[in-house]
Amino acid sequence: MSSLSLPDMPVSSISALPSSGFRLTKEHFLVAVPVAVVAAAGGFLASQYLSSRSCKKGQVNTSISKDSPKVVHSFDMEDIGTKAVYCRCWKSKKFPFCDGAHAKHNEETGDNVGPLIIKKKDA
């Protein structure tokens, strides 16, 4: 197995400012490059971890009327009857009406969303 070796470079080609008295040698680069690579990898992994914590899932609406630019449902109060229960988690199979799917959503995500309940006042 052959060992990896770096080509010999003249010291003058990698020296810094000549007036500073500071010279960068091949040994300096052999130390600096791995340190820079580890620092860059650590920064990347930390940013990935932090960004994954801030948004557990992507979009809220994953399946309902995806071909529309905006999902809007409108109902007349007279048509509701005495009570209507509407979905706010976007997981209901009977959307826009609630079917209780928010319970599973809340358990999976730690959310606390529930339905919108509209009812008529007793006269």
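Odds and ends about this structure:
- Selection over segment 83-109 of residues that are outside any helix (DSSP H, G or I) and either on the phi < 0 side of the Ramachandran plot or open to solvent by 70 Å² or more (accessible area, probe 1.4 Å) (or both) gives a count of 17.
- Residues of segment 5-31 classified as modelled with pLDDT of 75 or more and part of a helix (DSSP H, G or I), total: 6
- If you go through segment 111-123 and keep only what is of a type outside the set (A, V, I, L, M, F, W, C), touching a residue at least 24 places away in the same chain (Cβ under 8 Å) and open to solvent by 30 Å² or more (accessible area, probe 1.4 Å), you end up with PRO115, LYS119, LYS120.
- Selection over segment 32-63 of residues that are at pLDDT 85 or above and either surrounded by 10 or more Cβ atoms within 10 Å (Cβ to Cβ) or within 24 Å of the chain's Cα centre (by Cα) (or both) gives a count of 15.
- Selected residue (only one of LYS91, LYS66, LYS104, LYS120 is touching a His at 6+ places or on another chain (Cβ under 7 Å), among the basic types (Lys, Arg) and at pLDDT 80 or above): LYS91
The values are calculated or read from the model by the stated rules, or taken from the named source; none is laboratory data. This is a predicted model, so every value here is computed, not measured. All Cβ positions, glycine included, derive from the backbone under ideal geometry; neighbour counts span all protein chains shown. Keep in mind that these areas ignore ligands, DNA and RNA; they rest on the heavy atoms of the full protein, side chains included. Shrake-Rupley method; radii C 1.70, N 1.55, O 1.52, S 1.80 Å.
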